[in-house]
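S.K.: To start, I am sharing the structure in question, which I have written as structure tokens.
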Amino acid sequence: MLDLKSLAVGYRSAGAPLLSGIEVSADAGDFICILGRNGSGKSTLMRTIAGLQPSLGGVARLGGEDVASMRPGTRARRIAVMLTERAFNPGLRVEDVVALARQPFTGWEGRLGDGDRAAIADAVAVMGIEPFRRRYFNSLSDGERQRVMVARALAQTPRLMILDEITAFLDLPSRVEIMALLRTQAKEKGQVILLSSHDLDLSLQLADSVWLLDGAGGFSVGAPDALSRSGAVGRAFDTDGIRFSPSQGRFEVSTSGPQPPR
């Protein structure tokens, strides 16, 4: 469903692209985690795939159609995007925020039909936000806001969901729950879900596939176990103080790392 061909991403003002020559495909039902350290290009890659910024070369296709060439309304119906920036009118209630997902489908009058209401109700139920759907969005905790924004993305019923650091404000049980829900959503709805995360251990447990950015322009793709055993995860994240153990499948504090001052 999603096909990246010779894709190069970055900013023309920077000269060289952050990433180039990306060749990868994703099928309907794939739950993909994009991993990499800060500044490696995760958000830039996701924005380019979503059509929010131009590529420096190559193409991203969804269902065989160039995303960059899609009409804005078509792109809004097919791709849901949740980035780290969140800005909503303080007068909006939770149910209003979720209902905004249906705007690409309702026409200029903005009237919700039965299908729109069903999509909203399903998303509210999946994310467990019914108890506070009448509250004002700005009155919610960070964790509750994240749940609402994920519900909004689900209510859009897209072919492709692009979610950037959506678990950043959640406690561990909530992170596990939401990532597991999204994995199930991808399978049941036949969607492609791209999720960037700094929760490496959890991502390596739940992802069908990992897109790994090493911070030096390298881009590796594979099953979590395969990338772990190959040493690619360690090369991307190891420091003097922390090492990835391929045998254990997790990060461990290095006893030979720098010692704190006395």
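S.K.: Search the stretch 210-236 for residues that are closer than 21 Å to Arg183 by Cα and polar (S, T, N, Q) and pair each with any residue that is surrounded by fewer than 18 Cβ atoms within 10 Å (Cβ to Cβ) and modelled with pLDDT of 85 or more when their beta-carbon atoms are under 7 Å apart and the residues are at least 6 apart or on different chains.
M.R.: If the second residue must be surrounded by fewer than 18 Cβ atoms within 10 Å (Cβ to Cβ) and modelled with pLDDT of 85 or more, no pairs are left.
S.K.: Moving on to the next point. Take the conditions of a type outside the set (Lys, Arg), part of a loop (DSSP other than H, G, I, E, B) and either modelled with pLDDT under 95 or at positive phi (or both) and apply them to Glu95. Does it pass?
M.R.: Criteria not met by Glu95.
S.K.: Among the residues of the stretch 238-245, is there at least one that is polar (S, T, N, Q) and at pLDDT 85 or above?
M.R.: No, that holds for no residue.
S.K.: Among the residues of the stretch 17-42, how many are in a helix (DSSP H, G or I) and within 21 Å of Asp66 (Cβ to Cβ)?
M.R.: 0
S.K.: For the stretch 6-28, does any single residue satisfy the condition of being within 15 Å of the chain's Cα centre (by Cα) and closer than 15 Å to Ile162 by Cβ?
M.R.: Scanning the stretch 6-28 turns up at least one residue that is within 15 Å of the chain's Cα centre (by Cα) and closer than 15 Å to Ile162 by Cβ.
S.K.: Looking only at the stretch 157-185, how many residues end up being acidic (Asp, Glu) and part of a helix (DSSP H, G or I)?
M.R.: Number satisfying all stated conditions: 1.
S.K.: Would you point out which residue out of Ser25, Ser6 is in contact with a strand residue (DSSP E or B) (Cβ under 6 Å, 6 or more places away or on another chain) and closer than 17 Å to Arg159 by Cα?
M.R.: So the residue among Ser25, Ser6 that is in contact with a strand residue (DSSP E or B) (Cβ under 6 Å, 6 or more places away or on another chain) and closer than 17 Å to Arg159 by Cα is Ser25.
S.K.: Please find, among Ser228, Ser203, the residue that is part of a helix (DSSP H, G or I), buried (at least 20 other Cβ atoms within 10 Å of the Cβ) and either at pLDDT 95 or above or within 13 Å of the chain's Cα centre (by Cα) (or both).
M.R.: The conditions single out Ser203.
S.K.: If Leu52 passes every condition in (1) in contact (Cβ under 8 Å) with a residue 40 or more places away in the chain; (2) surrounded by 13 or more Cβ atoms within 10 Å (Cβ to Cβ); (3) within 20 Å of Thr157 (Cα to Cα) but one, which one does it miss?
M.R.: So Leu52 meets the others, but not (1).
S.K.: While we're on this one: Where residues in the stretch 121-139 are surrounded by fewer than 17 Cβ atoms within 10 Å (Cβ to Cβ) and of a type in the set (Gly, Ala, Ser), which of them is nearest to Glu177 (Cα to Cα)?
M.R.: Taking the candidates together, the pick is Gly128.
S.K.: Can you tell me which residue in the stretch 92-120 is farthest from Lys189 (Cα to Cα), limited to those that are loosely packed, with under 13 Cβ neighbours inside 10 Å and either touching a residue at least 60 places away in the same chain (Cβ under 8 Å) or of a type outside the set (D, E, K, R) (or both)?
M.R.: It comes out as Trp108.
S.K.: Further, regarding this structure: Any residue in the stretch 153-166 that's touching a residue at least 24 places away in the same chain (Cβ under 8 Å) and under 14 Å from Leu100 (Cα atoms): show its pairings with residues that are surrounded by fewer than 23 Cβ atoms within 10 Å (Cβ to Cβ) and of a type in the set (Lys, Arg) at Cβ separation under 6 Å, as long as the two are six or more apart or on different chains.
M.R.: Correct list of pairs: Pro158/Arg78.
S.K.: Shifting gears a bit: Please specify each residue of the stretch 43-92 satisfying the condition of being β-branched (Val, Ile, Thr) and in a helix (DSSP H, G or I).
M.R.: Hits for the stretch 43-92 are Thr44, Thr48, Ile49, Val67, Thr74.
S.K.: When you go through Arg262, Arg235, Arg250 one by one, which is the residue that is under 16 Å from Gly36 (Cα atoms) and modelled with pLDDT under 80?
M.R.: Matching residue, one of Arg262, Arg235, Arg250: Arg250.
S.K.: Ok, one more. Please work out which one of (1) more than 23 Å from Leu62 (Cα to Cα); (2) part of a helix (DSSP H, G or I); (3) under 19 Å from the mean Cα position of the chain (by Cα) is the condition Leu154 fails and give its number.
M.R.: Failing condition for Leu154: (1).
The values are calculated or read from the model by the stated rules, or taken from the named source; none is laboratory data. All figures in this text were calculated on a predicted structure; none of them were measured in a lab. Glycine gets a Cβ as well: all are built from the backbone with ideal geometry, and neighbour counts include every protein chain shown.
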